[in-house]
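The values are calculated or read from the model by the stated rules, or taken from the named source; none is laboratory data. Values in this document were obtained by computation on a predicted structure and should not be read as measured data. For neighbour counting, all protein chains shown are included, and Cβ atoms are generated from backbone atoms with ideal geometry for every residue, glycine included. Side chains included, ligands, DNA and RNA excluded: accessible areas come from the protein's heavy atoms. Shrake-Rupley method; radii C 1.70, N 1.55, O 1.52, S 1.80 Å.
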Amino acid sequence: MGSAARSVVEKRGVAFVDSAKATGDTIRHAPDRYLSGDRFHPNDEGYMLWAKASLASTRELALSRAARPP
């Protein structure tokens with residue numbers, strides 16, 4: 001799904017953050033900490049992990065765009 005979603009958003013000029021790729025190893029190693037009772041959806045800590053991954057990617061993108069000449 002990541003590659004299909006990436007293709008769609010990049011065609012629209014939008015940045016893509018692959019949350020599963022950025023957080024998958026962490027969640028797999030501590031599912032009780034990051035997943036809800038259904039063992040599929042993130043819980044509050046899992047969503048916080050995704051948010052931090054998104055923030056890091058957004059910061060990296062903003063810095064790379066700021067470094068480009070106008």
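Using a probe radius of 1.4 Å on heavy atoms only, what accessible surface per residue do you get for the chain? Whole Å² is fine.
Value for the chain: 80 Å² per residue.
Check SER36: other-chain or 5+ apart residues with amide H under 5 Å from its amide H, H built from backbone geometry?
Amide H to amide H, under 5 Å and 5 or more residues apart or across chains, SER36 pairs with HIS41, ASN43.
Suppose the chain between THR58 and THR26 were pulled fully straight at 0.36 nm per residue; how much longer would it get relative to their current alpha carbon spacing?
9.5 nm
Between ALA15 and ASP38, with labels modelled 7 Å along Cα→Cβ, what's the label distance in nm to one decimal, could you check?
With each label placed 7 Å out from Cα toward Cβ, I get 2.9 nm.
Let me check against my output: what whole-number percent is the relative contact order of the chain, with C-alpha pairs under 8 Å and at least 6 apart? Show your work: numbers first, answer last.
On the way: 39 pairs, mean separation 16.8, N = 70.
It comes to 24 percent, rounded to a whole number.
To the nearest 20 Debye, how big is the dipole of the stretch 15-70 about its Cα centre, given +1 on the beta carbon of each Lys and Arg and -1 on that of each Asp and Glu? The partial results should precede the final answer.
Working: 8 positive and 7 negative charges, 62 e Å.
For the stretch 15-70, the charge dipole is close to 300 debye.
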